[in-house]
Amino acid sequence: MRDTLTRLEETIAKRAGAAPDSSYVASLLAKGRGKIAQKLGEEATETIIAALTDDAQHVTAEAADLIFHLMILLRDVGVTLDDVLAELDRREGVSGLVEKAARK
């Protein structure tokens, strides 16, 4: 899975520099973080709706869209996949309740 996400991150990086009229990634980045975040929210909502229909294939497709748009947002913010994975590694073995309480 990491290889797939790494390739996706590399593809997004390459397309980020393209002309907005030649790449969906470039066009979304050109619209700014607000639009990227809005699109991510839409994809999250579509994933939730798909989950409620109990259709695994639809959930799979929407989850792929969600991850794709999250990766675009991460690119815009300057956060790498390695940054996210390091945070997940840091949390490994820590109770979710304990980790959440520590954020306050």
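Where a number appears in this text, it was derived from the coordinates with a stated rule and is not lab data. Predicted, not measured: the structure shown is a model, and the values here were computed from it. Positions of Cβ are backbone-derived with ideal geometry, glycine not excepted, and every protein chain shown enters the neighbour counts.
A few points about this structure:
- Most positive-pole-ward Cα, Ala51, Ala101, Leu81, against dipole of the stretch 2-102 from beta carbon charges: Leu81
- Computed from phi, the 3J(HN,Hα) profile of the stretch 65-70 under the Karplus parametrisation 6.51, -1.76, 1.60 (θ = phi - 60°) reads 4, 4, 5, 4, 5, 4 Hz, with x in place of Gly and Pro.
- Proximal aspartates and glutamates relative to Lys14, as straight alpha-carbon distance under 20 Å, when same-chain residues fewer than 8 apart are discounted: Asp3, Asp65, Asp76, Asp82, Asp83
- Positive minus negative residues near Ser23 (Lys, Arg vs Asp, Glu; Cβ under 10 Å): +1
- Directionally averaged projected area (the stretch 2-102, Cα convex hull): 8.0 nm².
- Phi angles across the stretch 72-84 convert, under the Karplus curve 6.51 cos²θ - 1.76 cosθ + 1.60 with θ = phi - 60°, into 3J(HN,Hα) values of 5, 4, 4, 4, 5, 7, x, 9, 9, 4, 4, 4, 5 Hz, Gly and Pro given as x.
- Sequentially through the stretch 35-47, phi angles give Karplus couplings (6.51, -1.76, 1.60; θ = phi - 60°) of 5, 4, 5, 4, 5, 4, x, 4, 5, 5, 4, 5, 5 Hz, Gly and Pro residues having no value and appearing as x.
- Summing Cβ point charges (Lys, Arg +1; Asp, Glu -1) relative to the Cα centre of the chain gives a dipole of roughly 480 debye.
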